[in-house]
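Step one of this worksheet: look at the structure below.
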Amino acid sequence: MVKAQPDGYPTVSASLAVDGAAEALEYYKKVFGATERMRMPAPDGKIAHSELQIGDSVVMVSDEYPDFHALSPRSIGGTPVSLSVYVDDVDATFAAAVEAGAQPLREPEDQFYGDRSGHFEDPWGHRWSVTTHIKDVSVEEMQRMTAEMSG
């Protein structure tokens, strides 16, 4: 019997449409240390489908295909979605992303919930949060700090 979830695939994977998938794949390899699992070129030279491994996650990347509702953030005026990635060194990853062409949205800083995180928009309009966990904080402590910040 075939498995409903194939081996090597997490329960949830992101799928990104970009205008320039080949360049985006190289960017994600450089910034996140991603490895390319597969690439399916289309007859027109674009990338119909590709898969990157980032840690234990899979990110699928293709060129835009409007007929299949695969539109990039730039084609629809931006994105409300942010992809979160845990990395070993948030500052180094953030710097690499910006050096490779990302627009910084929020510089890395320590957060009350125990993470150090920063946000950027990649050259294709996708937003990323990069995070390194730096301290374990209990749920009770997070709730207390949230209440203090709120009032």
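The values are calculated or read from the model by the stated rules, or taken from the named source; none is laboratory data. As the structure is a prediction and not an experimental result, all values here were calculated from the model. With ideal geometry, Cβ positions are generated from the backbone for all residues, glycine too; neighbour counts draw on all protein chains shown. Areas reflect the complete protein model, heavy atoms only, side chains present, ligands, DNA and RNA absent. Shrake-Rupley method; radii C 1.70, N 1.55, O 1.52, S 1.80 Å.
Quick notes on this structure:
- Pairwise inverse Cα distances across the range 37-78, averaged and inverted, put the Kirkwood hydrodynamic radius at 11.4 Å.
- Over the range 1-74, relative contact order from alpha-carbon pairs under 8 Å, at least 6 apart, %: 35
- For peptides 42-50, 56-64, sequence by mean Cβ density within 10 Å, most packed first: 56-64, 42-50
- Its relative contact order, with pairs defined as Cα atoms under 8 Å and 6+ residues apart, puts the chain at 18 percent.
- Principal-axis tilt of helix 139-150 within the chain, Cα atoms, nearest 10 degrees: 80
- Take each peptide in 137-143, 32-38, count the other Cβ atoms within 10 Å of every residue, and average; sorted highest first, the result is 32-38, 137-143.
- The alpha-carbon atoms of the range 51-111, seen along their principal axes, cover 42, 27, 22 angstrom, with the largest extent given first.
- Degrees between helix 90-99 axis and first principal axis of the chain (Cα, 0 to 90, nearest 10): 40
- The simple spin-label model puts a point 7 Å past each Cα toward its Cβ; for residue 89 and residue 56 those points are separated by 2.4 nm.
- Degrees between helix 21-32 axis and first principal axis of the chain (Cα, 0 to 90, nearest 10): 30
- In terms of its Cα atoms, the range 20-59 spans 31, 16, 10 Å along the principal axes, sorted from long to short.
- Nearest-20 debye value, the chain charge dipole, Cβ charges on Lys, Arg, Asp, Glu: 320
- Residue-count net charge about residue 118 - beta-carbon cut-off 9 Å; Lys, Arg +1, Asp, Glu -1: -1
- For the range 72-151: accessible area per residue (Å², 1.4 Å): 59
- Computed magnitude of the charge dipole of the range 63-112 (debye, nearest 20; Cβ of K, R +1, Cβ of D, E -1): 280
- Each listed q (0.15 Å⁻¹) maps to a log10 I(q)/I(0) for the chain from the Debye sum over equal C-alpha point scatterers, namely -0.85.
- The range 17-135 - percent of accessible surface contributed by carbon and sulfur, probe 1.4 Å: 52
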